[in-house]
Amino acid sequence: MQKGFSLVEILVAIAIIGILASAGFLLGSRLSSDLQLSSAANDVANELRYAQQKAIAEQVDYGVSFDSSGNSYVLVKDYTEQITGKTLPKFVSFGEISLPEQQAVFNGYGAAKSFGSVVLTARDKTKTVEIKSSGFIKIK
């Protein structure tokens, strides 16, 4: 009767652990980018809703201006005064921004003066934030 493990058994066990660890890492990185994309889409939609609420509360035009080259967006009052800015997460970028002058603007009634959509991408996935003329904001 032999006690312990042979060298071959230990090497096989290490190889199996290595394969499982690499598969877990790949799955984890994909899941991480999907979560970052969903989080970024929610952040953009929430910033648009915040601009809409500020426009209604103050009866002044508020909007969100998008910078696709810098992967950032800024809350803007009366088209010129920049209030706060945010940058997208590392693996997320803007795809197509179909807004006039890359800016969504809301009037004092909450309706959108400029409307369209913003597409966010991460790897091979996309999320679209739509702004309707009524002011309705939806993530697809």
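The values are calculated or read from the model by the stated rules, or taken from the named source; none is laboratory data. Keep in mind it's a predicted model, so treat the numbers as computed, not measured. Backbone-built Cβ (ideal geometry, glycine too); neighbour counts: all protein chains shown.
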**Request:** All but one of (1) assigned to a loop (DSSP other than H, G, I, E, B); (2) in contact (Cβ under 8 Å) with a residue 40 or more places away in the chain; (3) surrounded by fewer than 17 Cβ atoms within 10 Å (Cβ to Cβ); (4) not aromatic (Phe, Trp, Tyr) hold for residue 70, so report the exception by its number.
**Result:** (2)
**Request:** Determine if the stretch 47-63 includes at least one residue that is within 14 Å of residue 112 (Cα to Cα), part of a strand (DSSP E or B) and over 11 Å from the mean Cα position of the chain (by Cα).
**Result:** yes
**Prompt:** Does residue 90 fit the bill of being charged (D, E, K, R), surrounded by fewer than 18 Cβ atoms within 10 Å (Cβ to Cβ) and farther than 19 Å from residue 39 by Cβ?
**Reply:** no
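Specify which of the listed residues (33, 39) is within 21 Å of the chain's Cα centre (by Cα), modelled with pLDDT under 90 and either under 19 Å from residue 86 (Cα atoms) or among the aromatic types (Phe, Trp, Tyr) (or both).
Being within 21 Å of the chain's Cα centre (by Cα), modelled with pLDDT under 90 and either under 19 Å from residue 86 (Cα atoms) or among the aromatic types (Phe, Trp, Tyr) (or both) holds for just one of 33, 39, which is 33.
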**Asked** How many of the residues in the stretch 93-124 are under 21 Å from residue 38 (Cα atoms), surrounded by fewer than 16 Cβ atoms within 10 Å (Cβ to Cβ) and more than 13 Å from the chain's Cα centre (by Cα)?
**Response** 3
